1. So what does residue 359 come to for accessible area, using a 1.4 Å probe and Å² rounded to 10?
2. Identify the trypsin sites (Lys or Arg not before Pro) of segment 231-284 meeting these criteria: DSSP loop state and at most 13 other C-beta atoms within 10 Å of the C-beta.
3. Kindly report, to the nearest 10 Å², the accessible surface of residue 419 as traced by a 1.4 Å probe over protein heavy atoms only.
4. Ignoring everything but the protein chains, give the 1.4 Å probe accessible area of residue 146 in square angstrom, nearest 10.
5. Which sequence of 424, 311, 294 reflects their accessible areas, 1.4 Å probe, from the largest down?
6. Report, to the nearest 10°, how far helix 295-308 tilts away from the longest principal axis of the Cα atoms in the chain, using its own Cα long axis and a range of 0 to 90°.
7. Report, in deg cm²/dmol and to the nearest 500, the calculated mean residue ellipticity at 222 nm for the chain, where each DSSP H run with n ≥ 4 adds -39500 (n - 2.57) and the sum is divided by the residue count.
8. Over the chain, what percent of the accessible surface lies on carbon and sulfur atoms, probe 1.4 Å?
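The values are calculated or read from the model by the stated rules, or taken from the named source; none is laboratory data. None of these values were measured; they are calculated from a predicted model. Positions of Cβ are backbone-derived with ideal geometry, glycine not excepted, and every protein chain shown enters the neighbour counts. The protein model used for the area step is the full one, side chains on, heavy atoms only, and it has no ligands, DNA or RNA in it. Shrake-Rupley method; radii C 1.70, N 1.55, O 1.52, S 1.80 Å.
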Amino acid sequence: MQTFQHYIGGAFHTAETQFESRDPATGEVWAMMPEAREADVEAAVQAAEDAFFSPDWAGMTASSRGKLLLRLADLISENAPKLAELETRDTGKIIRETSAQIAYVAEYYRYYAGIADKIEGAHLPIDKPDMEVWLRREPVGVVAAIVPWNSQLFLSAVKIGPALAAGCTVVLKASEEGPAPMLEFARIFDQAGFPPGVLNVITGFGPTCGAVLTSHPKVAHVAFTGGPGTARAIVRNSAENLASTSLELGGKSPFIVFEDADLDSAVNAQVSGIFAATGQSCVAGSRLVVSAKIKDEFVARLKEKAEAVAIGNPQDMATEVGPLCTAAQSAHAQGLVAKSVACGAKLVTGGQPMMRPGHYFPPTILDCDGAENPPCLTQEFFGPVLSVTSFETEAEAVQIANDTAYGLASGVFTRDLTRAHRMIRAIRAGIVWVNTYRAVSPIAPFGGHGLSGHGREGGLQAALDYTKVKAVWLRTSDDPIPDPFVMR
């Protein structure tokens, strides 16, 4: 049995209240996690504010901040195997994915290390001859970063990296569903040499931790990844402190396959888009929109692939699909499948939780042609469930793709270059992958619109979003100021 601690003000603290964490692969309790209450949140925010104004951080050059981020990246690389093992143990994500993903997380910190001393201001060609005016970009202040259990190290890197590069300080709330990798990350961060309080890591539940954090008067910006329901609560909470927000939410992403596509590549990409990470991804390609001319062949290939997937212990490198993170997720998936079948969707494969310990749910395919508004086409499963609809024309494919309240990701598979460009323009989504899927980079922005949220993570713009612009006016004339009652 392991016990984890909060990281506040550069020190580790044992919380007065703890809660159990269960291994999704077995359902057994394996660790005790600290539960942050109002006093813990207050201490973390105060530590972040103290650090923000401390000469040790506020007086540090941008280049020096970059060097600390580089040191952190190296430490993540060195500790990647342990972080991967913890993430797999606490969330059920397969070890082959957590290992690869965490190794790449270090690149995000390296990217933002390079950005730190490239956040520039500007000189304005002002219309007044006796004035010099320039703009400074300054950090917004204390940032509340809130991440879900899936891909916590990645989803925190796209918040912590740009925030620290800009000179902000951070209070990170790790998900109560699997916080172990982030609480261990705090130990690695502690070794990197940042001043105390620059990053604080806590975990706890929504009403007693998340709500207190996002409404705190000393929080200037809230960066959140999660579901639309929690996002709405955060927006309401931010009315208390008028904090700015960036919201990276869910998706119901279309995966569009035309008859001229490379079917081998498209099938593999669809498998990656919906069955990788056990479907527990905001960019999951959960809606297959396929040309009627190739639907039967394409779905048959997918069924064969789905039924051949290696399901098992997430710590085994041979495993391709592990358990869902919680029993509630498994029940949610089962319920949506049953409702969709009742609406006329045809079950191609899967659909029922597996009779084994843990929260296992098999790769599932639903054929929705002819069904009457099945919920599988509109609601996010956050599990390995694919809904299939077919189209006859390009215009129909666009209509089906855009028939969603979400707008995060999309995929288009075609060999026709002009068609690809038409689809890129027509699809309403923050990301369009053409003849590929589920590719990411620290250089490229990531985000959506509608119920998928607003703001972008990744790229230079993400760092600028953690700054505010200050206009500086300098009068260059030695003459007395004229009429003081006239704005000039």
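1. Approximately 40 Å² for this residue.
2. Details: sites: 232, 236, 252; in loops: 252.
Taking segment 231-284 and a limit of 13 other Cβ atoms within 10 Å, no loop trypsin sites (Lys or Arg not before Pro) are found.
3. Looks like 40 Å² after rounding.
4. Answer for residue 146: close to 20 Å² accessible.
5. 424, 311, 294
6. 80
7. -12000 deg cm²/dmol
8. About 54 percent, which is the carbon plus sulfur part of the accessible surface.
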